[in-house]
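Step one of this worksheet: look at the structure below.
The values are calculated or read from the model by the stated rules, or taken from the named source; none is laboratory data. Note that the structure is predicted; figures quoted are calculated from it, not measured. Positions of Cβ are backbone-derived with ideal geometry, glycine not excepted, and every protein chain shown enters the neighbour counts. The area values use the complete protein model at the heavy-atom level, side chains included, leaving out ligands, DNA and RNA. Shrake-Rupley method; radii C 1.70, N 1.55, O 1.52, S 1.80 Å.
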Amino acid sequence: MPADEQKLWGVWGQANGLYSTWAASKNINYYLLFVLYALEGQKGMTQKKICVCTGLTKQTVNSVIRSLKEQGYVELSSGNGDRREKQILLTERGIVYSNELLTPLRKLEHRVLQIMGSDRVRQMIDNITLFNTVLEKEMSKDV
């Protein structure tokens with residue numbers, strides 16, 4: 001593997017590890033962290049949409065959602081289109097829970113992005129977007 005590819009996967013893995021470490025320090029599951037991020041970030045999320053935006057498997061998302069539902073943090077409602085596909089919505093209790101967990105992380109991320117500066121942040125966004133676009137295009141060739 002070329003050195004640049006090794007470095008890319010090293011830093012990508014390190015970032016995932018840092019989020020995993022943060023989640024563990026709050027006594028929560030890494031997967032829960034990203035499902036809550038998805039639910040807070042967009043309205044009308046379905047299990048399928050959460051899988052797409054987080055990269056988590058259907059089984060993992062289903063398990064997290066089931067646990068959140070049992071604790072009263074989310075409710076499921078029929079979507080506008082396919083009645084079989086349920087929208088997953090944070091309850092009032094779930095919003096409080098999510099805010100308690102995610103607000104400190106969002107503040108930490110905000111500080112990091114400020115330290116990096118807006119030019120570097122824009123470059124990072126542009127580069128990751130380009131990587132994802134090219135990867136998706138190349139993956140479609142292999143199908």
Any hit, region 45-66, residues being of a type in the set (A, V, I, L, M), more than 25 Å from E136 (Cβ to Cβ) and touching a strand residue (DSSP E or B) at 6+ places or on another chain (Cβ under 9 Å): yes
Region 23-61: number of residues that are part of a helix (DSSP H, G or I) and out of contact with any helix residue (DSSP H, G or I) (no Cβ under 6 Å at 6 or more places or on another chain): 9
Qualifying residue in region 102-111 (condition: closer than 13 Å to Q47 by Cβ, within 19 Å of the chain's Cα centre (by Cα) and charged (D, E, K, R)): no
Cβ-Cβ under 6 Å pairs, at least 6 apart or on other chains, region 50-63 side of a type in the set (K, R), far side open to solvent by less than 70 Å² (accessible area, probe 1.4 Å): K58/C51
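Inspect region 45-66 for any residue being among the small types (G, A, S) and over 19 Å from S20 (Cα atoms) and give the result as yes or no. Lay out the reasoning, then the answer.
Residues of region 45-66 that are among the small types (G, A, S), as a first pass: 55, 63.
Remaining after also requiring over 19 Å from S20 (Cα atoms): none.
Checked region 45-66: no residue is among the small types (G, A, S) and over 19 Å from S20 (Cα atoms).
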So I88, is it assigned to a strand (DSSP E or B), more than 13 Å from the chain's Cα centre (by Cα), closer than 28 Å to K107 by Cβ and among the β-branched types (V, I, T): yes
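I'm trying to understand the selection: among the residues of region 1-50, which are open to solvent by 70 Å² or more (accessible area, probe 1.4 Å) and charged (D, E, K, R)?
Residues of region 1-50 that are open to solvent by 70 Å² or more (accessible area, probe 1.4 Å), as a first pass: 1-2, 4-7, 9, 11-12, 14, 18, 21, 25-27, 29, 31, 42-43, 48-49.
Those that are open to solvent by 70 Å² or more (accessible area, probe 1.4 Å) and charged (D, E, K, R): D4, E5, K7, K26, K43, K48, K49.
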Evaluation of E100 against (1) open to solvent by less than 50 Å² (accessible area, probe 1.4 Å); (2) without any contact (Cβ under 8 Å) to a residue 24 or more places away in the chain; (3) assigned to a helix (DSSP H, G or I); (4) not β-branched (V, I, T) (one fails), failing number: (1)
